[in-house]
Every structure is written in C-alpha cells, then in structure tokens.
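The values are calculated or read from the model by the stated rules, or taken from the named source; none is laboratory data. Computed from a predicted structure; not experimentally measured. Reconstructed Cβ throughout: ideal geometry from the backbone, glycine too, with neighbour counts over all protein chains shown.
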Amino acid sequence: MGHVHIIGGGMAGLAAAVEVAGSGQRVTLYEAGPACGGRARSYEDRRLGCRIDNGNHLLLSANDAVFRYLGLTGALGTMTGPERPVFPFADLADDLSWTLRLSGGVLPLWVLSRGRRVPGMRIGELLSLRNLLRAGPEATVEECLIPGALSRRLLDPFSVSALNTPSCTASAQLLGNVIRESLARGGAACLPRYPAEGMSESLVDPAVAHLSVMKAEVRTGARLSWLEVTDGSVTALLFGGERIVTGPEDSVILAVTAPVATDILTPHLPRFQAPDEFESIFNAHYRLERAPEPVGALREAGFMGVIGGITEWIWVRRDIVSVTVSAANRYAHRDPEELGDRIWDEVRRALDPHLRVPLPPGMPPRRLVREKRATFAATSEQERRRPGARTGLRNLALAGDWTATGLPCTIEGAMRSGAEAVRVLGLRA
C-alpha cells in the first residue's frame, strides 16, 4: 500500500485525511501553521481573556459532506441549533424585527403566512428564485433579483453572506446552486447548525483525535516549499531543509490556498490557473461582563441577521457577542476601530428588543479581525478559473474550497473537495 501525503490542514485537508484514514494506506497530514483548522478554528484571545472562533460559520442540515465528516469523527453531538428552521432578522433602516419561519416540507407554505414570511414581500417576487435557479454562467445575482422586500430583506443579504461578494458582481449560478441544495429542498434542509462550544471543538479536535486513532500522522509547522516532479509525477516534497521522497504507489493531495497552489504548481504546470481575486471578511467579538439573556426567536436560534447597516450576522454565545460582515472589501478604507464603534451601536439597536436586559451602552472589550483574503471573489470570471481535483500530474490531486466544487467558498465545499481528491486518486478502500 502507498503513502498518502496531504498538504494543508484546513477543512479540505482534514476531510481528505478523514476519508482515507483506515483504508490500509499510510497517511500523513502536513500543516504549515501551529494548528489545523484554517479559517474554521478556535484560539485563546489574550485581549478578551477567553477562547473565541476566528470567524463565525453557519451550517445547514443540508450540508451532507459536513455531517458525514462529523459522523466519521464522532462529533455529531457537538453541534447545536434550533429544532425548527427559524431565522430572526432586524432591519435597522426601518426599525423593524421579524422572524423567517420556513415550512418543514418542500412546499413553501411559509410564503402564504404574513407571520412567517418577509414583511412587505409580494408573492410575485418569488420569481427571483426561479431566475437564480435558471441563471446562466455570466449572470449576476443583482440581474436576477426582482426589486422588492424579498430581495432587499432576504435574498440580497443571503447572497452576500453565502458568496462573500456584492450582488452586483456575484455569480447568480453559484447562488442558484446554494438555493438548489437548501431552500429548494424545504425547511428540513435549512435547519441552522453551529458548534455548541467552538469551531475547533467540533471540526478540528475530534478529527485530529480520530486520525490519531486511525494511525495517521499529523505534522504541524510543516510548510511545503517545493515539489520535485519527474516524468509527470511528484517524486519528492520539500519542507524547508527536509526532503521527503515519494514512491511509485504514493499519492499527494495539495489542500492549500489558491495563491500557494499557484506558486507551487505553475513551475510544473505552466497553464495552471486558480482564482486570483479575493474578498475579505470583517469579524468583531465583544466580551460582556455578564452573558445576555435572549428571549423569543433570538433565544431559539442563537443568532440574528441584520440589514440596513454594516452588521450582517450577530451571534450570542455565552458572554461573547460576535458579528460577521461579509464582502468587506467595500469597507477597506474605513478605520477598523471606527467600524468596531459603529457595529456595537448597531448590535445594541438590533439585540436590545430581544434581551431581558439591554446591553450596556459603554464599549466592552473587543477583538476586531479583518481577513483580507477570506474567500475568492465569487464572480463569473473567477468561477472560470477554478480548477478541478485532477491535475496534469498523475499522483497529485487538488482540494480546497476554491476548486471547482460548484459551491462558493464554504465549509461544505471544502469538505466535498477533500473527498473528491481522495476519489480521483482512487484511494478509498
């Protein structure tokens, strides 16, 4: 049996390792940083004096690859979320709050109830969904949306958070793929799910423990610097001063970021291309002296969507209130501290009506994080640059949320790519 070398310990690399571990092949996972997880991990924050996630990620019950991974690693019980498909929202521009309550089945009966649908929407606006599902490869989300409350209060915010790209340039076909796998399958496919403790406790630590049990090796602090290629196959891996020779039965999965993959592969595959335009995400974490006490739909869901401001999603996790702002390149010129002040004001406006005790007006300790290259820009042009798992090298496959998964940069897409890399190399037992 051969040796499977997996380069990159993010969600794609971990998913690939979990898929192939136990197949009888030797497996080694190499991670350049001090810990696995990539953008979906937790860490101890000295300023806040507690453990936080480096970003907020909302999963849905339709994410089959994620839940397969959680099942294989024994982490299904670490996830939580409401028992019904409920999504509370606040519209700061109109000083209005409501809760989207989807139907459990495929028939969208929720659109017939004023108390369950988007306020002010007209039934005819549902044609926006048809437009997105039928969109061609060059169409943008904005071109498919029918102006009205449904687009402004739900579809446009949903698009920005799912694609991390403004709707005026975002690929409608990509968003259509997301809708096809979630909303179009009914409320049972749209149950919100997220880690009860933290991203590492659900998506990283159980996987690393599982790999250890399966006798796979995980090496951190191992940054790939070069590939040696002979006669169309990878023959050696270079990690700084260490050279690892690969045998004729060995395989390599490159599960690194798009820029790193481009640097590594272009000398060997001159025609290789990958996404080269990126969008940022801005995260703000506020630690309170005492945990807020949500009521109603906020208590049930644990999060709230926000429109009409900078804030997009608010998460209430014990004494930490976290905010995510997607497609944040548009705020790159703004001072992060000023953004943090503005966001806290918006958080108070959005949450106070849904708390037993209002949030303190004073600024709590906070951590502001701007991920400059969080995802590739989900445009039609960048979509054409996404490579498949197969490469021009016989024993090398690609994995990563930036590869051609048919989905935007999501945890689900990353994990699918890891499984696909394993499949194309014929590594499953």
Quiz item: Is there a residue in region 255-273 that is over 30 Å from Ala16 (Cα atoms), at pLDDT 95 or above and either among the hydroxyl-bearing types (Ser, Thr, Tyr) or exposed (fewer than 15 other Cβ atoms within 10 Å of the Cβ) (or both)?
Solution: no
Practice problem: With the condition kept exactly as written, say whether any residue in region 156-165 is assigned to a loop (DSSP other than H, G, I, E, B) and in contact with a Pro (Cβ under 9 Å, 6 or more places away or on another chain). | Solution: yes
Practice problem: Scan region 285-301 residue by residue and report those that are closer than 13 Å to Thr99 by Cα, within 23 Å of the chain's Cα centre (by Cα) and buried (at least 19 other Cβ atoms within 10 Å of the Cβ). | Solution: Leu298, Ala301
Self-check item: Single residue of Gly115, Gly81, Gly124, Gly120 found to be over 20 Å from the mean Cα position of the chain (by Cα) and surrounded by 15 or more Cβ atoms within 10 Å (Cβ to Cβ)
Solution: Gly120
Self-check item: Within region 96-112, considering residues that are among the hydroxyl-bearing types (Ser, Thr, Tyr) and part of a strand (DSSP E or B), the one nearest to the chain's Cα centre (by Cα)
Solution: Thr99
Exercise. Those residues that are free of Cβ contacts under 8 Å to residues at least 12 places away in the same chain and within 27 Å of Leu407 (Cα to Cα), I need them from region 172-220; list them, please.
Key: Asp205
Quiz item: If the Cβ limit is 7 Å and pairs must be 6+ apart or interchain, which residue in region 8-19 that is of a type in the set (Lys, Arg) pairs with which residue that is assigned to a helix (DSSP H, G or I) and at pLDDT below 95?
Solution: none
Quiz item: So which residues in region 232-272 are closer than 23 Å to Thr403 by Cβ and of a type in the set (Ser, Thr, Tyr), if there are any at all?
Solution: Ser233, Thr246, Ser251, Thr257, Thr262, Thr266
Practice problem: Go through region 1-78 and tell me which strands (runs of 3 or more DSSP E), entirely inside it, have 3 or more residues that are crowded, with 23+ Cβ neighbours inside 10 Å. | Solution: 3-7, 26-31
Quiz item: Which of the residues spanning region 360-387 are surrounded by fewer than 18 Cβ atoms within 10 Å (Cβ to Cβ), touching a Leu at 6+ places or on another chain (Cβ under 8 Å) and closer than 24 Å to Gly308 by Cβ?
Solution: Pro360, Pro364, Leu368
